[in-house]
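One structure is given below, encoded as structure tokens.
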Amino acid sequence: IRVMLDGVFSHTGDNSVYFNRYGLYNSIGAYQSKDSPYASWYRFKNFPEEYDCWWGVKTLPEVEENCPSYRDFIIEDKNSVVAQWIRRGSSGWRLDVADELPDDFIIALRKRVKAENPDAAVLGEVWEDASNKVAYGQLRSYALGHSLDSAMNYPLRNALLNFFTGKGTSEDFARTVRSLHENYPPQMFYALMNLVGSHDRARVLNVLAGLSGENAPKETWRTLRLDQAHYDMAKRRLKAMFALVCALPGMPTVYYGDEVGMEGFEDPLNRGTFPWGGEDAALTAFFRTLGDLRQRESLRRGRLAYIRNQGGCLVIERAADGERTVTALNAGDAPVELVLPWDAPTARDGVTGQRFLTEGGVLRVTLPPLDGMILV
């Protein structure tokens, strides 16, 4: 296992040692004195009560990333935050709200990370296509090889949710993936963080069930649970969705608890404690099977091709070094008959183990609604 740390370098808490708004630390924070060594790290409008804060949240004062002493502390000093944690074994940094950090800050950070460990990664929280992201009126340079190594692939997540909840077709989904494929350099496209669950959104099972909290009073969220019918439908959708995530280029990412059936509305109920003893064992086994399948060379590095994308049916192929994997999914509400060229006498569903015979180089299979298979 490797560990990547989450760097929140655009703001601190008001109760941090650097700001020390409540005087809980035996040191002088920026809030307490203009003579504090940290005073220049923050932007005060009317000292000390009025200061820039993240999205207007008073408990999260924003830092001045261009302040030399702050940049030294985070990046440049021999024992800077970035450098020492890479030396201690972190495999990289995930940058919170990357588009709120100056470009040159990220570039300098990545340079320092690579100096400590060339294999360490810098991944950014970017909610749009990071190759052409415009933030605060500026076109950002995330995909030019000197900034981010990867980004959170929220555009893919949105396309997945639309496809598997009937809000979009397979044509729409393929159009999104093709756009990302065209826009990103291949090195970055194959390293994108492909997520379905997130700490910033309602639990994916709730979203897939169509019950993510928007139609219920917030004070009731804590006690609401999916009924069995909604849970079963959402679970089928989640399994098909994550099978597709594992079949696509990029890094399949599991938000803790999604693999055991955790529910939850938006923050903070999407961050509940792990349900030890209450896991959905069958769902966990399915995720483990997909993890094993993902070790296939074709799924890790293979080229991507579309065999069929029509309505609720999507069939994609990954191929590398003579190995071929075909993933077929049906997000619709009716069975789909598939006829696929196949140059072996049999095909096997890598998830269930079921084998299919071919006839004359053709494979015929039926996809039930909200189901799929990964043929190897």
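Of the candidates Ala328, Ala319, Ala347, the single residue that is within 26 Å of Thr165 (Cβ to Cβ) and modelled with pLDDT of 95 or more is Ala328. Among the residues of segment 19-57, those identified as in contact (Cβ under 8 Å) with a residue 40 or more places away in the chain and aromatic (Phe, Trp, Tyr) are Phe19, Trp54.
Can you find, within segment 210-249, the residue that is farthest from Leu375 (Cα to Cα) among those that are in a helix (DSSP H, G or I) and either aromatic (Phe, Trp, Tyr) or modelled with pLDDT under 95 (or both)?
Glu219
Only one of the numbered conditions (1) in contact (Cβ under 8 Å) with a residue 24 or more places away in the chain; (2) open to solvent by 60 Å² or more (accessible area, probe 1.4 Å); (3) touching a Pro at 6+ places or on another chain (Cβ under 9 Å) is violated by Glu171, and that is (3).
Considering each residue of segment 198-219 in turn, none proves to be β-branched (Val, Ile, Thr), open to solvent by less than 30 Å² (accessible area, probe 1.4 Å) and within 26 Å of Arg140 (Cβ to Cβ). Here Thr12 meets each of (1) buried (at least 19 other Cβ atoms within 10 Å of the Cβ); (2) in contact with a helix residue (DSSP H, G or I) (Cβ under 6 Å, 6 or more places away or on another chain) with one exception, condition (2). Checked against (1) over 22 Å from the mean Cα position of the chain (by Cα); (2) touching a residue at least 40 places away in the same chain (Cβ under 8 Å), Arg225 meets all criteria but (2). For segment 269-352, the strands (runs of 3 or more DSSP E) that sit wholly inside it and include 3 or more residues that are open to solvent by 50 Å² or more (accessible area, probe 1.4 Å) are 303-310, 336-341. Contact annotation: no residue pair with Cβ atoms under 6 Å, 6 or more positions apart or on different chains, pairs a residue in segment 1-12 that is within 29 Å of Gly56 (Cβ to Cβ) with a partner that is basic (Lys, Arg) and open to solvent by less than 20 Å² (accessible area, probe 1.4 Å). Does any residue of segment 179-196 turn out to be charged (D, E, K, R) and either more than 30 Å from Asp103 (Cα to Cα) or open to solvent by 70 Å² or more (accessible area, probe 1.4 Å) (or both)? Scanning segment 179-196 turns up at least one residue that is charged (D, E, K, R) and either more than 30 Å from Asp103 (Cα to Cα) or open to solvent by 70 Å² or more (accessible area, probe 1.4 Å) (or both).
The single condition among (1) among the basic types (Lys, Arg); (2) open to solvent by 20 Å² or more (accessible area, probe 1.4 Å); (3) over 22 Å from Val82 (Cβ atoms); (4) outside any loop (DSSP other than H, G, I, E, B) that Arg157 does not satisfy is (2).
Here is a yes/no grid of residues against (1) touching a residue at least 40 places away in the same chain (Cβ under 8 Å); (2) of a type in the set (Val, Ile, Thr); (3) closer than 23 Å to Lys235 by Cβ:
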| site | (1), (2), (3) |
| --- | --- |
| Arg157 | yes, no, yes |
| Thr165 | yes, yes, yes |
| Phe189 | yes, no, no |
| Asn194 | yes, no, yes |
| Arg201 | yes, no, yes |
| Asn206 | yes, no, yes |
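Could you list, in sequence order, all residues of segment 195-209 that are assigned to a loop (DSSP other than H, G, I, E, B) and not acidic (Asp, Glu)? Within segment 195-209, Val196, Gly197, Ser198, His199, Arg201, Ala202, Arg203 qualify.
Conditions (1) charged (D, E, K, R); (2) outside any loop (DSSP other than H, G, I, E, B); (3) more than 30 Å from Ala234 (Cα to Cα); (4) at pLDDT 95 or above, marked per residue:
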| position | (1), (2), (3), (4) |
| --- | --- |
| Arg110 | yes, yes, yes, yes |
| Val122 | no, yes, yes, yes |
| Val126 | no, no, no, yes |
| Leu161 | no, yes, no, yes |
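Every residue in segment 29-87 that is of a type in the set (A, V, I, L, M) and surrounded by 15 or more Cβ atoms within 10 Å (Cβ to Cβ), please. Ala30, Ala39, Leu60, Val63, Ile74, Ile75, Val81, Val82, Ala83, Ile86 - these are the residues of segment 29-87 that are of a type in the set (A, V, I, L, M) and surrounded by 15 or more Cβ atoms within 10 Å (Cβ to Cβ).
The values are calculated or read from the model by the stated rules, or taken from the named source; none is laboratory data. The structure presented is a predicted model; accordingly, all values stated were derived computationally and were not measured. For neighbour counting, all protein chains shown are included, and Cβ atoms are generated from backbone atoms with ideal geometry for every residue, glycine included. Areas reflect the complete protein model, heavy atoms only, side chains present, ligands, DNA and RNA absent. Shrake-Rupley method; radii C 1.70, N 1.55, O 1.52, S 1.80 Å.
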